[in-house]
Amino acid sequence: HAVPESVALEINNLSFAYPEQSQMALSGISLKVEAGQHVAILGRTGCGKSTLLQLLTRAWECQQGEIRLNGEALSQFDETALRSATSVVSQRVHLFSATLRDNLLLAAPHASDEDLSRVLTRVGLEKLLDDAGLNSWLGEGGRQLSGGELRRLAIARALLHDAPLFLLDEPTEGLDAETERQILDLLAEVIKEKTVLMVTHRLRGLANFDSIIVMDNGQIIEHGTHADL
Ligand code: ATP
Ligand code: MG
């Protein structure tokens, strides 16, 4: 698989239960996302939003129904091909105890130090470069990052990876209003040309999405544009 230039998704009657769970986490999800479309996913805590995004990365195999990426079944993609097609900002950002450089390189192994510094500046993390630069040690035995810094780091990774499909799971959860605004402005610029699925609790800004889905109890209960809903 070559990295696709753009990504269209089709989800057909998808149902999923986590291993050892009798309750379905998702049931009967169908959704079409055209290349370049931006979709917001809303719904109460525990309704299955993160699960849906995780199935799109094949963190789990779905037991029923199918997902197609540019017409091809997701189950036919190998891990590398799928990873190169998707940039993910997950709800819980993982920091490795490693250098700042290595924390970024996992998203883009061939990026130069210059690329890394540029992206850190772009997400407003340039102060992480102050002391030991890209060699500064993060995580255990090193510098811990605040919630907002972690989110920015995750966005920096997504930017470096620069895939055609962006899966964003509450990228501004837990941030103060000013930081949230900065990150959303940055994201808006980055994702313009991408296909995007973004989980959000935020009602402001929904008009910027091409469509909005509302989930409840593992199902899509509403689907439309901002004007429809
Ligand atoms: P939130 O808004 O709180 O992030 P969510 O809509 O993202 O919620 P999910 O994380 O998708 O919700 O969870 C859907 C359901 O699946 C919940 O009932 C949750 O307890 C369950 N669940 C999530 N992850 C697992 C797991 N690894 N194993 C078993 N059950 C899980
Ligand atoms: Mg979630």
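In the stretch 1-105, which GluC sites (Glu not before Pro) fall in coil by DSSP and have 11 or fewer other Cβ atoms within 10 Å? Here the sparse-neighbourhood loop sites are Glu5, Glu20, Glu61. Relative to the dominant Cα principal axis of the chain, helix 177-190 is inclined by about 80°. Placing R0 at 41 angstrom, the Cβ-Cβ distance between Arg143 and Ala227 gives a FRET efficiency of 0.35 after rounding to 0.05. Applying a DSSP loop filter and a limit of 14 other Cβ atoms within 10 Å to the trypsin sites (Lys or Arg not before Pro) in the stretch 45-154 leaves Arg92. Relative to the dominant Cα principal axis of the chain, helix 147-161 is inclined by about 80°. Which whole-number percent of Cα pairs in the chain have a distance greater than 29 Å? So the portion of pairs separated by more than 29 Å is 28 percent. Mean residue ellipticity at 222 nm, helices only, the chain: -7500 deg cm²/dmol; runs of at least 4 DSSP H residues each add -39,500 (n - 2.57), and the sum is divided by the number of residues.
Each Cα pair under 8 Å and six or more residues apart adds its sequence gap; the mean of these over the residue count of the stretch 47-153 is a relative contact order of 24 percent. For the chain, the number of Lys pairs separated by eight or more positions or lying on different chains, with C-alpha atoms closer than 24 Å, is 5. If you look at the Cα atoms of the stretch 84-161, you get an Rg and a Dmax of 11.3, 34 Å.
Relative contact order for the chain: 30 percent, from Cα pairs under 8 Å spaced at least 6 residues apart, divided by residue count. Taken along the Cα-to-beta-carbon direction at a fixed 7 Å, the label points for Lys127 and Lys192 span 2.9 nm.
We did not get these values from a lab; they are worked out from the coordinates using the rules stated. Keep in mind that what you see is a predicted model, and the values were worked out from it rather than measured. A quick note on method: Cβ atoms are made from the backbone with ideal geometry, for glycine too, and the neighbour counts reach across all protein chains shown.
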